[in-house]
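Colleague: Here it is: the structure, laid out below.
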Amino acid sequence: MPVSPAAADPLPWGPYTCAQGFVWRQATADDLVCVYPSRRTDVAAENSGSPSHKLLNTMYCVPGYEWRLANPSDRACVTSIQRRMARMENESAVYSLADPAATPLGGVRVMTKRGTGGVNHLYATGTGVTPQWSAAFYAVGVNGPNWPTGRPWIGEARSDAQGGFAGWTYINQVTCLPTETKPAPVVVLDFGTGVVTTAGTTDAYMC
């Protein structure tokens, strides 16, 4: 009787468990972007100092400060450098997770169209990302000389005013690899929040 393969150990802190050496940023209570511990300390200090950088009895910042916007609900008043740091962390969040493919299925789906000459094409549709913001698509578990992390970037697209992609939005072309023999999970990274969700699988890397 065939034996089923052993199930992988569950991630200790759920689907958004950080890679070793990283911790949740916690810019807001629901912020699970993974950063270095020193950055979480810095962000906590930014949160503590934010009230003194706001105009009296308002949510608006005094001159020289601006909303951090680590996500749309983040109204901490910080310097422009601190805001850029939060944005950079959002845009690299797929690399600081223990396993991006373990994230829950989001509102975006992907479709692959097979091409010729080993070049295939990825499309996306659906909703659930930050409106009028960019989202990036990555494959997980695809190894190659240019992808030491096994998480190659596929492409990016900007969402519409409803936070989605109408119809089937073209993402990018993918060149197949002889070493790939099974479909790869595809994840979506919302630059507006740093949240990663699963969008399905693609056989674009299979020749």
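The values are calculated or read from the model by the stated rules, or taken from the named source; none is laboratory data. Fair warning: this is a prediction, and the values are worked out from it, not measured in the lab. Note that each Cβ is placed from the backbone with ideal geometry, even for glycine, and that neighbours are counted across all protein chains shown.
Colleague: Among what's in segment 159-197 and is surrounded by fewer than 20 Cβ atoms within 10 Å (Cβ to Cβ) and touching a His at 6+ places or on another chain (Cβ under 9 Å), pick the residue that is farthest from Gly118 (Cα to Cα).
Modeller: Within segment 159-197, the match that is farthest from Gly118 (Cα to Cα) is Tyr170.
Colleague: Of all residues in segment 32-59, count the ones that are more than 21 Å from Ala101 (Cβ to Cβ) and either surrounded by 13 or more Cβ atoms within 10 Å (Cβ to Cβ) or in the same structural domain as Gly194 (by TED's automatic domain parsing) (or both).
Modeller: Total meeting the criteria: 12.
Colleague: Thr116 passes all but one of (1) in the same structural domain as Gln173 (by TED's automatic domain parsing); (2) of a type outside the set (Gly, Ala, Ser); (3) not in a loop (DSSP other than H, G, I, E, B); which number fails?
Modeller: Every condition holds for Thr116 apart from (3).
Colleague: Of the residues Ala161, Ala199, Ala204, only one is within 13 Å of Met111 (Cβ to Cβ) and part of a loop (DSSP other than H, G, I, E, B); which?
Modeller: Exactly one residue qualifies, and that residue is Ala204.
Colleague: Select from segment 119-147 the residues that are at pLDDT below 95 and over 18 Å from the mean Cα position of the chain (by Cα) and list them in ascending order.
Modeller: Within segment 119-147, Asn143, Gly144, Pro145, Asn146 meet the criteria.
Colleague: Test Tyr95 against the criterion of being of a type in the set (Phe, Trp, Tyr), in contact (Cβ under 8 Å) with a residue 12 or more places away in the chain and under 23 Å from Arg39 (Cβ atoms), and give yes or no.
Modeller: Taking the combined requirement at face value, the residue satisfies it.
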